[in-house]
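Reading through the structure tokens given below for one structure.
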């Protein structure tokens, strides 16, 4: 059974109409994609908010430090996400195993 058989329609079922462990693959893949996408959007928004706060701080030292902290945290988040991606790709290159491909072994 492939992942497409489990993802058709709203009912997630296997070949015999019974849900199987293979039906979790599209669910987990979609969840990971959603989390990474939301993280990227959140970091972009943090950069925008920090930049606007930096521009409109009007020389107030507290506002300036808060804006600098927001921009620094956003940049650190981008670095962490990039390093995590590079670690996964490095593992994939050195081991020859695609760790980004989610598969379950066939039972029979």
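Quick look at the values:
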read-out	value
Pairs, first on the phi < 0 side of the Ramachandran plot and without any contact (Cβ under 8 Å) to a residue 24 or more places away in the chain in region 67-80, second part of a helix (DSSP H, G or I) and surrounded by 18 or more Cβ atoms within 10 Å (Cβ to Cβ), C-beta under 7 Å, six or more apart	67/50
Boolean, residue 96 is in contact (Cβ under 8 Å) with a residue 24 or more places away in the chain and closer than 30 Å to residue 22 by Cβ	no
Residue check, residue 88 in contact (Cβ under 8 Å) with a residue 12 or more places away in the chain, in a helix (DSSP H, G or I) and within 24 Å of residue 27 (Cα to Cα)	yes
Residues of region 32-63 classified as in a helix (DSSP H, G or I) and surrounded by 11 or more Cβ atoms within 10 Å (Cβ to Cβ), total	18
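Values quoted throughout were computed directly from the atomic coordinates according to the rules given, and no laboratory measurement underlies them. This structure is a prediction, so every number in the text was calculated from the model and none was measured. A quick note on method: Cβ atoms are made from the backbone with ideal geometry, for glycine too, and the neighbour counts reach across all protein chains shown.
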